[in-house]
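Colleague: I have a structure I would like to understand better, so I am pasting it below and will then ask my questions one at a time.
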Amino acid sequence: MNAPVLNRRAFLSVSALAGGGMALGLTMPGAMAATAPAGSALSVWVAIAADGKVEITSKNPEIGQGIKTSLPMMVAEELDCDWAQVSVLQSDYNPKLYGRQFAGGSQSTPQNWLPMRQAGAAARQMLLAAAASRHAVPVAELSTDRGWVLHKASSRKWSYGELASLAATMPVPDPARVPLKNARDFRIIGKPTTGVDSARVLRGEPLFGIDTRLPGMLHAVLEVAPAHGGKLIKADLAAARAARGVVAVLQIAGTPGADGLPDGIAVIATNHWYAEQARKLLAADWDLSAAKGHSSEAYAAEAARLHDKDTPKDLRRDGDALAGIAAGARQISQRYSYQYLSHAPLEPQNCTALFQDGKLELWAPTQNPGAGADAIERHLGIPQASQTIHITRNGGGFGRRLMGDFMLQAAAIAKALPGKPIKLLWNRQDDLQRDYFRPGGWHSLRAGIDASGKLIGLFDHFVTVGVDGKPGRSAGMRDGQFPAGLIPDLLYVQSVIPSVIPTGPMRAPESNALAFVMNGFLDEVAEMAGKDLPQLVLELCAGDRTIGDPGDPSRASSAFITSRARGVVERVLKDCNWAGRPKSGNRRLGFGFYFCHLGYFAEVADVSVEAGAAKVHKVWVAADVGRQIVNPFGAESQVRGSVIDGIAEALHHAITFKDGVIDQKNFDSYALPRISSTPEIAISWVLSDYPPSGLGEPALPPVLPAVTNAISAATGKRIRDLPARL
């Protein structure tokens, strides 16, 4: 993945602000734009007012990952203004102006690192040109500092505010040629910076979608089939319609496709409580036959049958793995599995919609407003040109809000009641039942080592879930899955169980489970070879090699670089004193390593097991996400959140189902981590000569095997299924 680079065509407009000042509109064709709909572009707006205040519009949704702070920091750094001068506004959804607006996949930092800095640097050049023109001094004699243009020879200085209007008339420089700061001169980037919304969040100000209030707003709840794949046969709506506060009860006809509307009954009332009470009076008959047999136990049994008898599809074949394993001095085979998971954000899905005069206006806590806009156009026939989407802050996402289902449902209800603002709000049970779940998976692995203990062959038969023989969303496995490319004889194959349970991306999609499987099995291989897992990983990553497409080495790349892997492994071993770790007793260290989303992470967990319960005391994290940590405050928060999430996934979380009905109904049966279970977390940044990459995902995967490998060491019982059962 390469970051887009600015060129002269990047700039759409520069204009004066009413009352004085400059507004700089930037459009940046590049890698992101190439994946966006035709004609769209990635954009950001910078405005400098006459009083010197700088306003930067954030186009990406804020889901707690801190991007609303870190991207403006990049602009402000190169603009050379004072961070105290900066205010940040959240943009509406407007792909023609801003390009792809999306929060997911840890993409925002690598894709915006250069463009944001170039944008700020170009604006600074225009301010310098304005000062030179107005005061008849050479540009070469001018410098900037914290929102001022300085002329050292005459000891004069002019504020950005007083120059901004003139700067708006200056020729736009080629942003690809404007000089950028040396990292040693950074004053904003690299400094721990509190989130721009943090104070407002602490004060309880209405930032989130669930906070939306509009004059005359009505409240909607949506009843759908109790089992996934169910269809509405008939319903008696009379009692609900007669209930207190109810304005309307509507049948919603389902539309085809995984992103379509479900069959449902919407209850609309003057407040949410009335709507929920009336919902209990609905009498509906559902056809649940499609969900029959779709159960956790049935899937596990089918996976076992497929492991024994199926002829799977090749995902990757290097050499002759089966022959290589058979020829080894020793062999090992084991099966690993993991359950479905729910995203469980604290703010349940919601969206407020107003449809009138053929136009639709939405207020949505979404990670991906484009997904909702697309679905509304396809399923409701409302063109995107007739939609206005206000992006609110997200109360947790973890990938759940990449889907546009809640936006589509709110729009469908609003379309049926034109002129009435409608807030659709799911309750906690709805949110757990109707997720796009992290899919479960089942692996049958084999490996062989030679007489020296070297891993010489690896085989994995991966059984997953999906439709029409293809894995569902986030249910697949990349052919470059670690340690592919590091072993001469390797074979990855795949089988698919047909499923009606919807799946979708969840923080570190696919990697959040596969790291457990691969690190757990390789820990067993290492044990068979008389070594430990870190030693095995270092042996696999010996030498300076680049596995996969290196792309442009000056930019971010998805290729696996062995020296970066070794760097984090060696650092975490030093930090935790791995060599001096306890070798016996019920408190032990466990190790995990993983590379995903451009980030290299090695983690060690200190875990004790008593009375059948595991306690994680401390986690050491060593991370390589490039040469620069943009906002250490936000970066550490991302890592700590990932570690806490990963521990919960390793020890507690599981979604199970029977005949398409999810067993877990609320947080009593799907408990979120508590402060009391949070370990000490020590973080080391291993800086490397690569552009910075994102932190939303890659810190999570290795903590799962670090915890389970520690439990195995402490108990002698290997953990091969998640969540861990002691």
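Colleague: If you go through the stretch 559-568 one residue at a time, do you hit one that is assigned to a helix (DSSP H, G or I), closer than 25 Å to Ala451 by Cα and among the basic types (Lys, Arg)?
Modeller: Yes, because at least one residue in the stretch 559-568 is assigned to a helix (DSSP H, G or I), closer than 25 Å to Ala451 by Cα and among the basic types (Lys, Arg).
Colleague: Still on this structure, I have one more. Of the residues that make up the stretch 566-576, is at least one closer than 30 Å to Ala291 by Cβ, surrounded by fewer than 24 Cβ atoms within 10 Å (Cβ to Cβ) and in contact (Cβ under 8 Å) with a residue 12 or more places away in the chain?
Modeller: No, the stretch 566-576 has no match at all.
Colleague: May I pose another question? Yes or no: the stretch 544-552 includes at least one residue that is touching a Phe, Trp or Tyr at 6+ places or on another chain (Cβ under 9 Å) and either more than 25 Å from Leu445 (Cβ to Cβ) or part of a strand (DSSP E or B) (or both).
Modeller: Yes, some residue in the stretch 544-552 is touching a Phe, Trp or Tyr at 6+ places or on another chain (Cβ under 9 Å) and either more than 25 Å from Leu445 (Cβ to Cβ) or part of a strand (DSSP E or B) (or both).
Colleague: Is there a residue in the stretch 324-341 that is surrounded by 14 or more Cβ atoms within 10 Å (Cβ to Cβ), touching a Lys or Arg at 6+ places or on another chain (Cβ under 7 Å) and closer than 19 Å to Gln433 by Cβ?
Modeller: Scanning the stretch 324-341, I find at least one residue that is surrounded by 14 or more Cβ atoms within 10 Å (Cβ to Cβ), touching a Lys or Arg at 6+ places or on another chain (Cβ under 7 Å) and closer than 19 Å to Gln433 by Cβ, so the answer is yes.
Colleague: Can you tell which of Leu672, Leu700, Leu695 is closer than 19 Å to Phe437 by Cβ and buried (at least 24 other Cβ atoms within 10 Å of the Cβ)?
Modeller: Working: Leu672 fails: buried (at least 24 other Cβ atoms within 10 Å of the Cβ); Leu695 fails: closer than 19 Å to Phe437 by Cβ.
Just one listed residue meets the conditions, Leu700.
Colleague: Something else now. Within the bounds of the stretch 621-630, is there any residue that is surrounded by fewer than 20 Cβ atoms within 10 Å (Cβ to Cβ) and of a type in the set (D, E, K, R)?
Modeller: yes
Colleague: Further, regarding this structure: Name the residue, out of Ser676, Ser684, that is small (Gly, Ala, Ser) and either in a strand (DSSP E or B) or closer than 27 Å to Gly485 by Cβ (or both).
Modeller: On inspection, the qualifying residue turns out to be Ser684.
Colleague: Which one is farthest from the chain's Cα centre (by Cα), of the residues in the stretch 385-422 that are outside any loop (DSSP other than H, G, I, E, B), within 13 Å of Gln356 (Cβ to Cβ) and of a type outside the set (Ser, Thr, Tyr)?
Modeller: Looking at the filtered set, the residue picked out is Ala416.
Colleague: I need the full set of residues from the stretch 236-249 which are among the hydrophobic types (A, V, I, L, M, F, W, C) and surrounded by fewer than 17 Cβ atoms within 10 Å (Cβ to Cβ), in order please.
Modeller: Ala238, Ala239, Ala242 - these are the residues of the stretch 236-249 that are among the hydrophobic types (A, V, I, L, M, F, W, C) and surrounded by fewer than 17 Cβ atoms within 10 Å (Cβ to Cβ).
Colleague: What number goes with the only condition from (1) at pLDDT 95 or above; (2) of a type outside the set (A, V, I, L, M); (3) open to solvent by 30 Å² or more (accessible area, probe 1.4 Å); (4) in a loop (DSSP other than H, G, I, E, B) that Glu636 does not pass?
Modeller: Unmet for Glu636, out of (1) at pLDDT 95 or above; (2) of a type outside the set (A, V, I, L, M); (3) open to solvent by 30 Å² or more (accessible area, probe 1.4 Å); (4) in a loop (DSSP other than H, G, I, E, B): (4).
Colleague: Return only the number of the condition from (1) over 30 Å from Ala275 (Cβ atoms); (2) open to solvent by 80 Å² or more (accessible area, probe 1.4 Å); (3) at pLDDT 95 or above that Lys181 does not satisfy.
Modeller: Among (1) over 30 Å from Ala275 (Cβ atoms); (2) open to solvent by 80 Å² or more (accessible area, probe 1.4 Å); (3) at pLDDT 95 or above, the lone unmet condition for Lys181 is (2).
Colleague: Out of everything in the stretch 83-105 that is among the hydrophobic types (A, V, I, L, M, F, W, C) and part of a strand (DSSP E or B), what residue ends up being surrounded by the fewest Cβ atoms within 10 Å (Cβ to Cβ)?
Modeller: Leu89
Colleague: Restricting the first residue to the stretch 515-527 and requiring it to be under 16 Å from Gly480 (Cβ atoms), which pairs with a second residue that is open to solvent by 10 Å² or more (accessible area, probe 1.4 Å) and modelled with pLDDT under 95 meet a Cβ separation below 7 Å and a spacing of at least six or different chains?
Modeller: These pairs meet every condition: Met518/Phe482.
Colleague: Looking only at the stretch 271-312, which residues are in a loop (DSSP other than H, G, I, E, B) and surrounded by fewer than 15 Cβ atoms within 10 Å (Cβ to Cβ)? First the steps, then the outcome.
Modeller: At the first step, the residues of the stretch 271-312 found to be in a loop (DSSP other than H, G, I, E, B) are 271, 280-282, 288, 292-295, 310-312.
Asn271, Lys280, Lys292, Gly293, Thr311 - these are the residues of the stretch 271-312 that are in a loop (DSSP other than H, G, I, E, B) and surrounded by fewer than 15 Cβ atoms within 10 Å (Cβ to Cβ).
Colleague: Looking at Asn519, is it crowded, with 23+ Cβ neighbours inside 10 Å, touching a helix residue (DSSP H, G or I) at 6+ places or on another chain (Cβ under 6 Å) and among the polar types (S, T, N, Q)?
Modeller: Spelling it out, Asn519 is indeed crowded, with 23+ Cβ neighbours inside 10 Å, touching a helix residue (DSSP H, G or I) at 6+ places or on another chain (Cβ under 6 Å) and among the polar types (S, T, N, Q).
Colleague: Given the stretch 423-511, what strands (runs of 3 or more DSSP E) lie entirely inside it while holding 2 or more residues that are surrounded by fewer than 21 Cβ atoms within 10 Å (Cβ to Cβ)?
Modeller: 455-467, 489-498
Colleague: Now for a different question. Assess whether Asp310 counts as being touching a strand residue (DSSP E or B) at 6+ places or on another chain (Cβ under 9 Å), of a type outside the set (Ser, Thr, Tyr), over 30 Å from Ala103 (Cβ atoms) and modelled with pLDDT of 95 or more.
Modeller: No, not satisfied.
Colleague: Return yes or no: is Phe560 surrounded by 21 or more Cβ atoms within 10 Å (Cβ to Cβ) and at pLDDT 95 or above?
Modeller: No, not satisfied.
Colleague: Inside the stretch 331-356, can you point out the residues that are of a type in the set (A, V, I, L, M) and within 23 Å of Ala724 (Cα to Cα)?
Modeller: Step one: list which residues in the stretch 331-356 are of a type in the set (A, V, I, L, M), which gives 332, 341, 344, 346, 353-354.
Across the stretch 331-356, the qualifying residues are Ile332, Leu341, Ala344.
Colleague: Something else: Taking strands (runs of 3 or more DSSP E) that do not extend beyond the stretch 181-257, which have at least 3 residues that are free of Cβ contacts under 8 Å to residues at least 60 places away in the same chain? Break it down into steps so the answer makes sense when it comes.
Modeller: Details: elements: 218-224, 231-236, 246-252.
Counting at least 3 such residues, we get 231-236, 246-252.
Colleague: Give the residues of the stretch 147-164 that are part of a loop (DSSP other than H, G, I, E, B) and surrounded by 15 or more Cβ atoms within 10 Å (Cβ to Cβ), sorted by residue number.
Modeller: Just the residues of the stretch 147-164 that are part of a loop (DSSP other than H, G, I, E, B), to begin with: 147, 152-155.
Within the stretch 147-164, just Gly147 meets the criteria.
Colleague: Right, next: List every residue pair whose Cβ atoms sit under 8 Å apart, with the two residues 6 or more apart in sequence or on different chains, where the first one lies in the stretch 581-598 and is assigned to a loop (DSSP other than H, G, I, E, B) and the second, anywhere, is open to solvent by 50 Å² or more (accessible area, probe 1.4 Å).
Modeller: Every condition considered, the pairs that remain are Asn586/Glu610; Asn586/Thr715; Leu598/Met1; Leu598/Ser558.
Colleague: For the stretch 701-720, enumerate the residues that are closer than 13 Å to Ile644 by Cα and not aliphatic (A, V, I, L, M).
Modeller: Pro701, Pro702
Colleague: Looking only at the stretch 62-71, decide whether some residue is over 28 Å from Arg146 (Cβ atoms) and among the hydrophobic types (A, V, I, L, M, F, W, C).
Modeller: yes
Colleague: Continuing with this model, one more query. Among the residues of the stretch 47-69, count how many are in a helix (DSSP H, G or I), over 16 Å from the mean Cα position of the chain (by Cα) and crowded, with 24+ Cβ neighbours inside 10 Å.
Modeller: So the answer is 0.
Colleague: Something else about it: Could you tell me whether any residue of the stretch 580-587 is touching a helix residue (DSSP H, G or I) at 6+ places or on another chain (Cβ under 6 Å), closer than 20 Å to Ile647 by Cα and either modelled with pLDDT of 95 or more or open to solvent by 50 Å² or more (accessible area, probe 1.4 Å) (or both)?
Modeller: For the stretch 580-587, residues touching a helix residue (DSSP H, G or I) at 6+ places or on another chain (Cβ under 6 Å), closer than 20 Å to Ile647 by Cα and either modelled with pLDDT of 95 or more or open to solvent by 50 Å² or more (accessible area, probe 1.4 Å) (or both): present.
Colleague: Of all residues being at pLDDT 85 or above and either assigned to a loop (DSSP other than H, G, I, E, B) or acidic (Asp, Glu) (or both) in the stretch 106-145, which is least open to solvent (accessible area, probe 1.4 Å)? Just the residue, please.
Modeller: Val137
Colleague: Give just the number: which of (1) touching a His at 6+ places or on another chain (Cβ under 9 Å); (2) at positive phi does Pro673 not satisfy?
Modeller: (2) is the only condition that Pro673 fails.
Colleague: So which residues in the stretch 402-428 are out of contact with any helix residue (DSSP H, G or I) (no Cβ under 9 Å at 6 or more places or on another chain) and more than 17 Å from Ile268 (Cβ to Cβ), if there are any at all?
Modeller: Of everything in the stretch 402-428, just one residue is out of contact with any helix residue (DSSP H, G or I) (no Cβ under 9 Å at 6 or more places or on another chain) and more than 17 Å from Ile268 (Cβ to Cβ), namely Arg428.
The values are calculated or read from the model by the stated rules, or taken from the named source; none is laboratory data. It should be emphasised that the depicted structure is a prediction, and the values quoted were computed from it without experimental measurement. Virtual Cβ from ideal backbone geometry, glycine too; neighbours counted across all protein chains shown. Note: accessible area is taken over every heavy atom of the protein model, side chains too, but ligands, DNA and RNA are not part of it. Shrake-Rupley method; radii C 1.70, N 1.55, O 1.52, S 1.80 Å.
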